[in-house]
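**Q** Below you'll find the structure I mean.
Read the figures in this text as sums done on the coordinates, not as results from a lab. Everything numeric in this text was worked out from a predicted model, so none of it was measured. When we count neighbours, we look across all protein chains shown, and the Cβ atoms used for this are built from the backbone with ideal geometry, even at glycine.
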There are 2 protein chains.
Amino acid sequence: MRRMTARPANGHQARVLRLLRDAGPQSRAVLGDQVELSRSKLAVEVDRLLETGLVVPDGLAASRGGRPSHNVRLAPSLRFLGVDIGATSVDVAVTNAELEVLGHRAARYDVREGPVAVFEQVLAMAADLREAGAAESFDGAGIGVPGPVRFPDGVPVAPPIMPGWDGFPVREAMSQELGCPVLVDNDVNLMALGEQHAGVARSVRDFLFVKIGTGIGCGIVVGGQVYRGVTGSAGDIGHIQVVPGGLSCACGNHGCLEAYFGGSALSRDAAATAAAGGSAALADRLAAAGTLTSADVAAAAAAGDGAALDLIRQGGNRTGQVIAGLVSFFNPGLVVIGGGLTGLGHTLLASIRSQVYGQSLPLATGNLPIVLSELGPTAGVVGATRLISDHVFSPV
Amino acid sequence: MRRMTARPANGHQARVLRLLRDAGPQSRAVLGDQVELSRSKLAVEVDRLLETGLVVPDGLAASRGGRPSHNVRLAPSLRFLGVDIGATSVDVAVTNAELEVLGHRAARYDVREGPVAVFEQVLAMAADLREAGAAESFDGAGIGVPGPVRFPDGVPVAPPIMPGWDGFPVREAMSQELGCPVLVDNDVNLMALGEQHAGVARSVRDFLFVKIGTGIGCGIVVGGQVYRGVTGSAGDIGHIQVVPGGLSCACGNHGCLEAYFGGSALSRDAAATAAAGGSAALADRLAAAGTLTSADVAAAAAAGDGAALDLIRQGGNRTGQVIAGLVSFFNPGLVVIGGGLTGLGHTLLASIRSQVYGQSLPLATGNLPIVLSELGPTAGVVGATRLISDHVFSPV
């Protein structure tokens, strides 16, 4: 069912819509102050937005003296869909126009099943959310995938861990399926956007979001905008070399960060440690489950297992070594650590911090917070709805 | 002698001034097309610029059919001063409003003499250029220094190789001395701007300029604008760690890139090679001069000396290792290599290229040129005049 969502006619209307998204219902008087339009000019723009149905009246505002001002808000029926496809997981959420999550579904699913199977899964989860009453239809959808994306046309390009996805027209296909505008981006970029919209990076204009999941990637925000690089591969830090001539990596090179840390490397090293008799706790878990994940390492570490703690510290040191270089280069105002392996907690964070604070110059680290993601598993879906709402709330 | 240079009254006028700077004299008709103003509105703005004296008539344009169009150009009397202070050199140049270099002076001078002595030298060189007829006075000056700068107030901050400069009010002091607006920036940022204005990076919006001089630094251009980082230290890649627990660096850390390459490291290693009997050519030069510089290494390498070639290759490999990481992270459209050590030529460039093309993912390197600076020793001064002209040609 296609819904024809109206679009703002000009930049003033776009700013009004984004203000209402970010700050909730507002009086016309307050809006006028923030958009820097005269009362009469603002009234014209707001009236036009009321005609489109994007904005609706919301009662009288508290008096600031003088004539009473009317509140307006974004239409309560507006719905955005946020989709976060990870290497081994799919998250789907529905938000209202203020990007409040009204429903969220998460599933384990392997991205290597290919785009057709993954999007059947996504559409089923979206249908489930619709049936649960979270939405009737969607006014826009943002989709994150775990690989580089040619952003303007929303097509994955040469994604190393996504066989079958190279060149798949995700934006076009999903726009047709969902009957609404769709934008597609790298998953880490969307996590950075989510953290900027509703998490720990609010009001920070230049920051890095480092995702440590199955692989390791980085979202780069410059001047409040996601920086994607000239071919959409910016932030691909998992294949920065940390040991010249080191371990083989899935990318075909040697010594990449991902060959040493991330979910895949940690599973491998934990199993090797268990097999070599280095950790009774890990050996017990391996015997019980036949495989080890980062959750097993986290549990063993929490129980005081020295070998598990060492694995986390070594991985944090390698990751911190790379982040230290990025901090020297980029001089960010904040570094956010997110992704599945943040379950490893403060041991991981402490190792990263000690590398960065020890290696980068004091001028770059003096006021630099390095913190865990605030939104955690919803950073990606919130960022996805932020991305598409920026698009829908832009002049055509 | 203070000259009160007029400033544009609005954004339209600013765009006209920058167009005339970048493209030279233009007909009103062509300007109208590019500024996207109607003929009548453009005429108003151009007439106001003519009144200020920033713009002057320049005869009739070639006919495009219809009424003849008049050419206008920037006032031929406008003069910008570009100053590039390196670790061991000072360059001063005068340009016209189109940023054509009318006069250029270069001197060896040690930045460690401190700001007062260095600026006496700069002012003497500027006076010399005035006496030679390049300028009567200046409408603006841009100044580059070899360390981090708090850009808004033009003050060097904790610059590692500039004792006595920390907190010195360069912008304010030089503005008073020169009687014109002054902006101060890190020298590498200005080289990047110069290369963007008149060199190999024209029309490239996202690129890196890597300067290999006494030290090693990087200018970062994002969306056509210099990115300086939150405390002005972005691009400080000389202190990225390349060997964990490696050689001591002047910054107090271990294993930094600058501990292995750059003018200082190369002089040290060349002298050690000569002393150890590894190179007759370097030993002869050391005996003759008492010291070795990168020029000696370049000369020995050009004469086929194997040890000199090895020193260059090793340094290029270390530098390339760092640049490979930056390319994975930043996914630029171009990497420019500049600074004094580009005299080492294609042996250096080849080593850097082989590291980057070998280590970074194909998606980031597929269409990535890695080239030598086109402007060479004038990149910094041209960039300095570009910086200040952007400021002078902005609405107040």
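**Q** If you place +1 on the Cβ of every Lys and Arg and -1 on the Cβ of every Asp and Glu, how big does the dipole about the Cα centre of the stretch A:201-373 come out, in debye to the nearest 20?
**A** For the stretch A:201-373, the charge dipole is close to 400 debye.
**Q** For a paramagnetic label modelled at 7 Å from the Cα of A:L372 toward its Cβ, which residues of the stretch A:337-355 fall within the zone defined by backbone nitrogen distances under 17 Å?
**A** A:337-354
**Q** Here's another thing I want to ask about it. Just A:S137, A:S279, A:S38 to compare: in a GNM of chain A, with alpha carbon springs under 10 Å, which one fluctuates most?
**A** The residue that fluctuates most here is A:S38.
**Q** Calculate the FRET efficiency for A:A127 and A:V396 from the Cβ-Cβ distance with a Förster distance of 30 Å, rounded to the nearest 0.05.
**A** 0.55
**Q** Rounding to the nearest 20 debye, state how big the charge dipole of the stretch A:6-151 is about its Cα centre with +1 on each Lys and Arg Cβ and -1 on each Asp and Glu Cβ.
**A** For the stretch A:6-151, the charge dipole is close to 600 debye.
**Q** Let me ask you something else. How long is the gain from B:D166 to B:A106 if the chain were fully straight, where each residue apart is worth 0.36 nm and the alpha carbon distance is subtracted?
**A** Result: 19.2 nm gained on full extension.
**Q** Mind telling me which of A:A384, A:A301, A:A23 comes out most flexible in a GNM of chain A, alpha-carbon contacts under 10 Å?
**A** A:A23
**Q** Related question: In chain A, if the dipole is taken from +1 on Lys/Arg beta carbons and -1 on Asp/Glu beta carbons about the Cα centre, which of A:L17, A:V392, A:P115 is farthest to the positive end?
**A** Going by the Cα projections, it comes out as A:L17.
**Q** OK, next. Quickly work out the A:R205-to-B:A276 label distance, labels modelled 7 Å from Cα along the C-beta direction, and quote it in nm with one decimal.
**A** 4.9
**Q** Let me ask you something else. Give the shape of chain B as rounded, prolate or oblate, defined through the alpha-carbon gyration tensor: a ≥ b ≥ c are the square roots of its eigenvalues, a/c under 1.5 means rounded, and otherwise the shape is prolate if a/b is larger than b/c and oblate if not.
**A** It is prolate, given that a/c is not under 1.5 and a/b is the larger ratio.
**Q** Going toward the positive end of the dipole of chain B, with +1 on Lys and Arg Cβ and -1 on Asp and Glu Cβ, which of B:G315, B:P362, B:Q26 do you reach last?
**A** So the residue furthest toward the plus end is B:Q26.
**Q** Taking the Cα centre as origin and putting +1 on Lys and Arg beta-carbons and -1 on Asp and Glu beta-carbons, what dipole magnitude results for the protein assembly as shown, to the nearest 20 debye?
**A** Roughly 1440 debye for the protein assembly as shown.
**Q** Below 30 Å, Cα to Cα, which lysines can A:K41 reach? Residues fewer than 8 away in the same chain don't count.
**A** A:K41 reaches B:K41.
**Q** What are the distances, in nm and sorted shortest first, from the label point of B:L50 to the label points of the same position in each other copy, with each label point placed 7 Å from Cα along the Cα-to-Cβ direction?
**A** Inter-copy label distances (nm, one decimal, shortest first): 4.9.
**Q** Taking each residue of A:356-365 in turn, how many C-beta atoms of other protein chains fall within 10 Å of its C-beta, and what is the average?
**A** Counting other chains' Cβ atoms within 10 Å and averaging over A:356-365 gives 6.
**Q** For A:A132, place a label point 7 Å out from Cα along the Cα→Cβ vector, do the same in each other copy, and report the separations in nm, one decimal, smallest first.
**A** 7.5
**Q** Quick one: check the C-alpha center-to-center distance for the stretch A:159-188 versus the stretch B:89-115, whole angstrom.
**A** Between the Cα centres of the stretch A:159-188 and the stretch B:89-115 lies a distance of 52 Å.
**Q** For a quick check, take a GNM of chain B with Cα springs below 10 Å and name the residue from B:T319, B:T365, B:T231 with the largest mean-square fluctuation.
**A** B:T231
**Q** Something else: Quick one: grab the alpha carbon gyration tensor of the protein assembly as shown, order the square roots of its eigenvalues as a ≥ b ≥ c, and give me rounded if a/c is under 1.5, else prolate or oblate depending on whether a/b is larger than b/c.
**A** Note, shape of the protein assembly as shown comes out oblate.
**Q** Among B:L190, B:P169, B:P148, pick out the residue whose Cα is farthest towards the positive end of the charge dipole of the stretch B:148-221, where Lys and Arg carry +1 and Asp and Glu carry -1 on C-beta, about the Cα centre.
**A** Of the listed residues, the answer is B:L190.
**Q** Next up: Share of antiparallel DSSP beta bridges in chain A, in percent to the nearest 5?
**A** Percent antiparallel among DSSP bridges in chain A is about 65.
**Q** Report the extension gain between B:S137 and B:H346 in nm, rounded to one decimal, defined as 0.36 nm multiplied by the number of residues separating them, less their alpha carbon distance.
**A** 71.1 nm
**Q** Say a label goes 7 Å from Cα toward Cβ at B:P169 in every copy; what distances in nm does this one have to the rest, shortest first?
**A** 6.2
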